[in-house]
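What follows is a single structure, written as structure tokens, with notes after it.
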Amino acid sequence: MTKPTRREFLENSLFAAAAAAMVGGNASRAARADEAAEADKQSTSPSERLRVAVVGVRGRGTEHVGKFTGRKDTEVVAICDVDGYFAYKNGLLAVENATGKRPAIYQDIRKLLEDKSIDVISIATPNHWHALAAIWAIQAGKDVYVEKPVSHNVSEGRRIVDAARNHKKICQTGTQSRSSVGTRELMQFIHSGGIGDVKLARGLCYKSRPSIGPKLDYFRPLVGSRLDYAVPESVNYDLWCGPAPVKPVTRRQFHYDWHWQWDYGNGDLGNQGIHQMDLARWGLQVSDLGQGVLSYGGRVGYEDSGETANTQVSIHDYGDKTLVFEVRGLPTEGYKGAHVGVVFHGSQGYAVMGSYEGGAVFDGDGNLVKKFDQGGDHFANFVKAVRSRDINDLHADIEQGHLSSALCHLANVSYRLGEMVPAGEVQKRLESGTCKDECVETFDRVKQHFVANKINPDSVRLQFGAALTIDGKAETFTGAGSDKANPMLTREYRKGFEVPASKDLV
Ligand SMILES: NC(=O)c1ccc[n+]([C@@H]2O[C@H](COP(=O)([O-])OP(=O)(O)OC[C@H]3O[C@@H](n4cnc5c(N)ncnc54)[C@H](O)[C@@H]3O)[C@@H](O)[C@H]2O)c1
């Protein structure tokens, strides 16, 4: 590990202390106070209770179940999961334990959507299903809460926006930090000039991600296909794949680790990173897809069946503003005290936003100026908008979710169109490119990060992505490389699972 300077040490300690205070005391107390205040407004009248179905209940979906069963004005009446084991254990039993009532159970969302009595569909499936599930639900007349990233590729997100607008449905994105009072207040502070002009935001997703297990391809010539990883018996694999091609399973852990395979996931940029990408874009006050993107990185430190980068730097060009996003999946020290967060660099100081609730502001010398640390309830915000029928009540309307998800996808398109080059060549290209000084500085820190993990940067080869120009309003690539990049704004859909085109969503 490189030794931090005294200044970095102080900044790290200050932020760590601020973060500890938030987690330990104020934030949770404040969040509880918020939820209590919200609970007071909940109607207990059965006729006003919203009837909710949760789709996908293994990991995140259990939070959805907990939030909707925890309210007096919502009722979880149905669970849908293609894995019968989790539908029963995390769905049926959890709802029954919480409420004394058994929900209906489905494997196929299309059957669930035939139930006209359901008002809300809350989606926590893998990413490749988000857009199709959300659009089908909207077309069936439901309001939707859809997890982040809202899409698996750029055009899917826009299609959900079009569906929601055309059918006049409420659609909330699962970026819950948008409902944290501390985050909202800190954004307001930044936007009103609290740290001066902000031209640079650094998104950070520093989260250790170990190997997900070997590729069986190495052994297949010896033992044939017997070594394919098994699909759990309780899973309907045809439905699990849905819009994605049906292929042999190449990961040891069937659930969750799809995040690291392109057919279903979007790497950590589209997993944890989308939360911070969203905050970075919000803080910079940019509401299109920018003018250009460049992304480089690799799956460094181990060889496994994952395909996405575990080390990735993406640069989004917004003319006079820049958004630099760093993913680090190997163990690392933080940047200005944050591992998962966003640092906004202003002309009169900087702000460090934590992972979900608020953050802290520092002056140019690194002295703590102010903390923002109150939580909030994103599901309560969704319910409020469902009742008011006003999308302006939503803290994370689907269009915000689409734009931020799309930034992750654009960076991945650049990355995937890249070529493998030695780290020295990355350095040369960054130095001679149009990218500003911060891009070279970021790469210097990436090299130090490799050294800290006992990896010689001179021996590393990285995928240097295509530098792509974007028409940020039209949401397409233009110019050199666009012939290859534009087809990657969508995908080939499996028959029966096509995400409808915008023109068909009226
Ligand atoms: N907002 C947050 O903080 C947060 C946190 C974690 C995960 N997430 C998001 O939630 C989603 C789910 O993540 P996870 O960790 O729970 O994944 P997971 O793989 O552990 O669980 C997904 C579940 O969905 C089920 N499923 C798959 N296809 C389905 C379909 N067509 N219909 C019904 N069920 C289906 C699977 O069987 C599984 O039970 C992801 O998109 C992830 O990005 C959000």
Aspartates and glutamates with Cα under 14 Å of residue 215, excluding same-chain neighbours fewer than 8 positions away: 228, 257, 303, 304, 307
Between residue 302 and residue 347, what is the label-point separation in nm under the 7 Å Cα-to-beta-carbon projection? 4.7
Sort largest first and round to whole Å: the equivalent ellipsoid semi-axes of the range 33-114, each the square root of five times a Cα gyration tensor eigenvalue. 23, 14, 10
Could you list, by residue number, the cysteines of the chain that have no other cysteine's beta carbon within less than 4.7 Å of their beta carbon? 80, 171, 205, 241, 408
Using the Cα centre as the reference, give the magnitude of the dipole from point charges on the C-beta atoms of the chain (Lys, Arg: +1; Asp, Glu: -1; all else neutral), rounded to the nearest 20 debye. 620
Per-residue Cβ contact counts at 10 Å, fewest first, order 211, 45, 177, 347 as 45, 347, 211, 177
Value of [θ]222 nm, deg cm²/dmol, for the chain, DSSP H segments ≥ 4, -39500 (n - 2.57) each, nearest 500: -10000 deg cm²/dmol
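For the range 32-178, what is the charge dipole size about the Cα centre, in debye to the nearest 20, if Lys and Arg each add +1 at the Cβ and Asp and Glu each add -1 at the Cβ?
Values: 23 positive and 19 negative charges, 39 e Å.
Result for the range 32-178 is approximately 180 debye, rounded to the nearest 20.
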Name the residue farthest towards the positive end of the dipole of the range 296-403 from the options 337, 383, 352, assuming +1 on Cβ of Lys and Arg, -1 on Cβ of Asp and Glu, about the Cα centre. 383
Using the Kirkwood formula over every pair of different C-alpha atoms, what hydrodynamic radius in Å results for the range 276-325? 12.3
On the Cα set of the range 247-308, report Rg and Dmax in Å, please. 14.7, 43
Along the Cα→Cβ direction, 7 angstrom out, place labels at residue 452 and residue 165. What is the inter-label distance in nm? 4.3
Taking 0.36 nm per residue of separation and subtracting the Cα-Cα distance, what length does fully extending residue 197 through residue 392 add? 67.5 nm
Quickly work out the residue 93-to-residue 459 label distance, labels modelled 7 Å from Cα along the C-beta direction, and quote it in nm with one decimal. 4.8
Order of 93, 430, 323 under a 10 Å beta carbon neighbour criterion, fewest first: 93, 430, 323
Where the centroid of each part is defined by its Cα atoms, how far is the range 342-378 from the range 420-442 in Å? 29
Per residue convex hull volume, Cα atoms of the range 32-178, in Å³: 113
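Which percent, to the nearest 5, of DSSP beta bridges fully inside the chain are antiparallel? Each step should come with its number before you reach the end.
Values: 50 of 78 bridges.
Approximately 65 percent, going by the DSSP bridge assignments.
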Over the chain: Rg over Rh, Cα atoms, Kirkwood Rh: 0.96
For the cross-link pairs 41/473; 207/503; 148/207; 199/384; 41/148; 41/116, which exceed 29 Å when the distance is taken from alpha carbon to alpha carbon? 41/473; 207/503; 199/384
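No lab work stands behind these numbers, since they all come straight from the coordinates. Since we're looking at a predicted model, the values are computed, not measured. Here the Cβ is made from the backbone with ideal geometry for all residues, glycine too, and neighbour counts use every protein chain on show.
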